[in-house]
Amino acid sequence: MKRRHVNRSVVIGTIGADAHMIGGWVLEKAFKEARFTVAFLGAVVPQQEFINAAIEIDADAILVSSMYGMGLLDCEGLRDKCTEAGLDDIILYVGGTVAAPLELEKNWPEVERRFKEIGFDRVFPNTCTAAEAVQALKTDLGID
Amino acid sequence: MSIYLLVDFGSTYTKILAVDVSNEVILGRAQAPTTIDTDVTIGLNRALSELVDTCGLDLRQVEGKYASSSAAGGLKMAAIGLVPELTLEAARRACLGAGAKVVCSYGFEIDSDIVREIEAARCDIILLCGGTDGGDKRVITHNARMLAHSEIACPILVAGNRVVSDAVRDTLERHGKKVYRTSNVLPSLDMVEVEPAQALIREIFIAHITHAKGLDKAADFIGGPIIPTPKATLQAATLLAQGTVEEPGIGSLLVVEVGGATTNIHSVADQSPVTPQTVIRGLPESPVKRTVEGDLGIRYNAPTIYDFIGRDAFLARLRDLYPALDDPSGDDQRFDPDEHIEYLSKNVGHVPTTELGLNADIVLAESAASIAVERHAGTVRQEFSVVGEILVQHGKNLLEVENLIGTGGIFRYGLRPERILSSALFNPEKPWSLKPRNPKTLIDRMYMLYGIGLLAEHFPAPALRIAKKYLTETDLGS
Ligand code: B12
């Protein structure tokens with residue numbers, strides 16, 4: 001995965017009607033420490049707001065957090081909207097408790113496959129640390 | 001005695017207030033039609049002689065003069081940003097808070113049609129934004145290029161992505177544009193910083209626009225700069241709410257200003273969520289906020305308000321206020337609302353003298369205030385999901401605002417100004433609209449708020465005490 005130019009900037013938020021935001025905070029802090037520009041949108045963020053923010057800050061990636069189990073429903077269509085908005089080469093990640101905890105444990109490959117099917121570049125289980133998230137993006141951007 | 005004259009060159013009337021700053025009293029007020037098309041000092045002199053006649057003022061005793069203006073269309077600006085809800089919204093707020101009217105606004109890349117629209121709009125200043133600092137550079141660069149190749153002659157204020165600000169300025173200057181540059185109105189998504197842009201807008205207004213609007217002679221008379229009227233009112237609102245070190249303010253407030261062409265709403269209140277669990281979305285709100293509704297005014301725009309209400313509802317409300325409308329023995333039988341509204345829009349200086357005319361104004365002003373406050377105030381909606389309900393709030397929560405103030409001609413000459421203020425209140429039928437629930441209500445019977453704002457720059461504490469003294473507390477009844 002190679003982007004035209006790297007701007008070291010990310011959008012972070014919790015999608016849908018999901019009010020959890022602690023994971024987002026932790027990510028915000030980690031990415032700022034790694035010298036990224038972060039637009040942290042908090043919780044209950046509609047898809048369109050992720051896109052608006054990404055356009056304005058010229059983001060390399062959108063990091064979607066979903067904790068309450070309805071991630072797939074909330075995330076569907078985000079990739080298409082990004083494409084429509086001219087964000088052709090933006091990287092999309094999703095993480096948190098992206099499905100029911102039992103599902104995550106037993107059917108991870110299937111969960112991952114379905115998110116990739118709707119256009120996400122990477123899917124992270126809730127065991128992912130912030131440092132791992134930062135490292136993954138750096139790798140994808142080909143930096144540091 | 002230390003007498004100061006506070007002049008407002010309004011779109012219709014030139015108003016003067018004479019105040020004694022050392023004794024903190026208003027000595028008198030006078031007005032005459034604004035004569036901007038010929039020589040603005042003609043109207044000014046008429047108002048002055050009325051002032052001398054009515055309050056026996058000796059002009060030689062005057063120690064200073066301050067002035068504002070909204071004549072010749074006021075300060076007209078175009079706002080350009082990237083995403084409509086983000087940098088464009090921040091740009092619009094910058095203009096409004098500087099006392100401007102945003103006559104056109106555009107997000108994303110502008111094209112040649114838009115450039116022609118901007119040229120035709122004859123703006124006084126264009127505010128060019130786009131991209132957070134370090135964010136998008138492409139769109140503001142493109143838009144600067146489009147403006148550079150246009151016929152636009154007004155000053156362009158660049159307040160976008162810092163990284164390309166110099167390049168954007170160079171592009172415009174190379175094509176002979178007058179360019180000003182300041183820091184980004186939205187340096188990052190969680191920070192709206194409109195003050196530097198607003199300070200520059202004020203400077204540009206003083207440096208270029210006073211002249212362009214034919215106000216040179218007025219500025220000579222005043223002996224100092226003239227600022228946009230809405231800016232003066234906003235300064236008054238801020239002073240009144242926040243106070244000074246020596247004189248406490250009256251707390252959070254909402255000012256409703258119903259005019260002939262527009263309705264202005266000013267609020268000074270800290271942003272707070274409706275409940276501690278409420279999620280707030282959208283750009284951060286600043287404590288001081290102004291919105292202006294260019295389609296709501298009770299003279300020039302009486303037809304728009306009338307269209308909003310509808311003929312039948314208009315008559316019903318009028319009848320409610322003025323039952324004599326149907327009196328078979330009265331002369332009001334022939335009243336045709338269509339004709340009346342048409343008359344108002346063509347005679348913008350009209351001051352009603354009949355019961356009927358006064359009441360018709362109230363119906364118009366009520367609707368203008370209600371709609372304008374609804375657009376100014378934030379909203380809250382309940383989101384239902386499988387995991388229960390959450391409240392999501394957009395914009396400013398004004399439910400707990402402590403004071404509601406009415407200003408403008410209608411609050412001075414009009415009947416039952418409290419009706420107009422009532423329409424600015426929270427309405428249980430529209431619980432999502434976060435209008436004030438139970439404020440103290442005050443009326444600016446002297447039409448002095450603009451003057452308080454002018455005085456605030458030089459004598460804040462006396463200005464504040466005068467405002468407190470002359471605002472009339474009123475009971476909205478039920
Ligand atoms: C705290 C908490 C709450 C708090 C949230 C406070 C707040 N403002 O954030 C409150 C009490 C409000 C709450 C409410 C609810 N919660 Co809750 N909550 C939790 C809890 C205990 C901890 C979450 C947390 O903050 N962890 C700490 C952070 C740092 O970890 P994290 O979020 O996992 O994030 C880390 C990584 O996952 C990663 N990460 C996160 N997002 C992303 C995104 C990307 C792209 C990447 C790369 C990485 C990444 O980064 C972080 C690194 O440290 C979890 C259980 C758990 N242990 O996870 C349940 C949990 C998430 N909640 C749950 C539920 C069901 C609810 C409610 C529906 C409960 C209810 N019935 O009312 C409501 C939902 C309300 C709503 N509208 O959203 C379930 C979700 C089940 C599911 N997914 O199917 C969980 C898993 C509990 C459970 N085992 O049942 N909850």
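Assorted remarks:
- Pairing residues of the stretch A:11-32 that are over 19 Å from B:LEU391 (Cβ atoms) and of a type in the set (Gly, Ala, Ser) with residues that are near the ligand (Cβ under 7 Å from one of its atoms) and in a helix (DSSP H, G or I), at Cβ distances under 9 Å and at least 6 apart in sequence or on separate chains, gives A:GLY23/A:ALA130; A:ALA30/A:ALA130; A:ALA30/A:ALA133.
- Considering residues of the stretch A:58-90 that are out of contact with any Phe, Trp or Tyr (no Cβ under 9 Å at 6 or more places or on another chain) and part of a strand (DSSP E or B) only, the residue farthest from the ligand (Cβ to nearest atom): A:SER66
- Residue among A:ALA53, A:ALA43, A:ALA85 that alone is in contact (Cβ under 8 Å) with a residue 40 or more places away in the chain and within 14 Å of another protein chain (Cβ to nearest Cβ): A:ALA53
- Out of B:GLY160, B:GLY99, B:GLY135, sole residue that is buried (at least 24 other Cβ atoms within 10 Å of the Cβ), at pLDDT 95 or above, touching a strand residue (DSSP E or B) at 6+ places or on another chain (Cβ under 8 Å) and of a type outside the set (A, V, I, L, M): B:GLY160
- Looking only at residues in the stretch B:446-476 that are touching a helix residue (DSSP H, G or I) at 6+ places or on another chain (Cβ under 6 Å) and more than 17 Å from B:ALA232 (Cα to Cα), the one that is modelled with the highest pLDDT is B:THR474.
- Failed item, numbered, when B:ALA90 is tested on (1) under 23 Å from B:ASN264 (Cα atoms); (2) part of a strand (DSSP E or B); (3) modelled with pLDDT of 95 or more: (2)
- Here B:LEU234 fits the description: in contact with a Lys or Arg (Cβ under 6 Å, 6 or more places away or on another chain), under 21 Å from B:PHE411 (Cβ atoms) and more than 14 Å from chain A (Cβ to nearest Cβ).
- So B:ARG419, is it within 16 Å of the ligand (Cβ to nearest atom), open to solvent by 10 Å² or more (accessible area, probe 1.4 Å) and touching a residue at least 24 places away in the same chain (Cβ under 8 Å): no
- Subset of the stretch A:126-136 (residues that are near the ligand (Cβ under 8 Å from one of its atoms) and either within 14 Å of chain B (Cβ to nearest Cβ) or touching a residue at least 12 places away in the same chain (Cβ under 8 Å) (or both)): A:ASN126, A:CYS128, A:ALA130, A:ALA133, A:ALA136
- Test: residue in the stretch A:104-113 that is open to solvent by 10 Å² or more (accessible area, probe 1.4 Å) and within 13 Å of chain B (Cβ to nearest Cβ): no
- Extreme residue, least open to solvent (accessible area, probe 1.4 Å), among residues of the stretch B:52-77 that are free of Cβ contacts under 8 Å to residues at least 40 places away in the same chain and of a type in the set (A, V, I, L, M): B:VAL52
- Among the residues of the stretch A:95-125, the ones that are free of Cβ contacts under 8 Å to residues at least 40 places away in the same chain, near the ligand (Cβ under 9 Å from one of its atoms) and either assigned to a loop (DSSP other than H, G, I, E, B) or under 21 Å from A:LYS81 (Cβ atoms) (or both) come to 8 in all.
- Flag if A:ALA17 is in a loop (DSSP other than H, G, I, E, B), within 8 Å of chain B (Cβ to nearest Cβ), open to solvent by less than 10 Å² (accessible area, probe 1.4 Å) and touching a helix residue (DSSP H, G or I) at 6+ places or on another chain (Cβ under 9 Å): no
- Any hit, the stretch B:242-255, residues being closer than 22 Å to B:SER70 by Cα, assigned by TED's automatic domain parsing to the domain that holds B:ILE410, crowded, with 21+ Cβ neighbours inside 10 Å and within 21 Å of the chain's Cα centre (by Cα): yes
- Against the conditions (1) more than 10 Å from every other protein chain (Cβ to nearest Cβ); (2) of a type in the set (Phe, Trp, Tyr); (3) more than 10 Å from the ligand (Cβ to nearest atom); (4) open to solvent by 30 Å² or more (accessible area, probe 1.4 Å), A:TRP25 satisfies every one except (3).
- Top-ranked residue in the stretch B:384-405 [being outside any loop (DSSP other than H, G, I, E, B), out of contact with any Lys or Arg (no Cβ under 8 Å at 6 or more places or on another chain) and not acidic (Asp, Glu); ranked as surrounded by the most Cβ atoms within 10 Å (Cβ to Cβ)]: B:ILE405
- Residue among B:THR141, B:THR132 that is within 14 Å of another protein chain (Cβ to nearest Cβ), part of a helix (DSSP H, G or I) and farther than 30 Å from B:PRO33 by Cα: B:THR141
- Residue list for the stretch B:194-218, filter: touching a helix residue (DSSP H, G or I) at 6+ places or on another chain (Cβ under 8 Å) and either free of Cβ contacts under 8 Å to residues at least 24 places away in the same chain or among the hydroxyl-bearing types (Ser, Thr, Tyr) (or both): B:THR210, B:ASP216
- Qualifying residue in the stretch A:2-13 (condition: within 13 Å of the ligand (Cβ to nearest atom) and open to solvent by 20 Å² or more (accessible area, probe 1.4 Å)): no
- Residue match in the stretch A:60-70 (condition: open to solvent by 40 Å² or more (accessible area, probe 1.4 Å), at the interface with another protein chain (Cβ under 8 Å from one of its Cβ atoms) and under 16 Å from A:TYR93 (Cβ atoms)): no
- Residue count, the stretch B:23-35 (criterion: surrounded by fewer than 21 Cβ atoms within 10 Å (Cβ to Cβ) and either in a helix (DSSP H, G or I) or touching a strand residue (DSSP E or B) at 6+ places or on another chain (Cβ under 9 Å) (or both)): 7
- In the set (1) open to solvent by 20 Å² or more (accessible area, probe 1.4 Å); (2) charged (D, E, K, R); (3) within 12 Å of chain B (Cβ to nearest Cβ), the condition left unmet by A:ARG79 is number (3).
- B:GLU173 vs. criteria farther than 29 Å from B:LYS289 by Cβ, modelled with pLDDT of 95 or more, open to solvent by 30 Å² or more (accessible area, probe 1.4 Å) and away from chain A (no Cβ under 12 Å): yes
The values are calculated or read from the model by the stated rules, or taken from the named source; none is laboratory data. Note that the structure is predicted; figures quoted are calculated from it, not measured. Cβ atoms come from the backbone with ideal geometry, glycine included; neighbour counts cover every protein chain shown. Heads up: the accessible areas ignore ligands, DNA and RNA and are worked out on the full protein's heavy atoms, side chains in. Shrake-Rupley method; radii C 1.70, N 1.55, O 1.52, S 1.80 Å.
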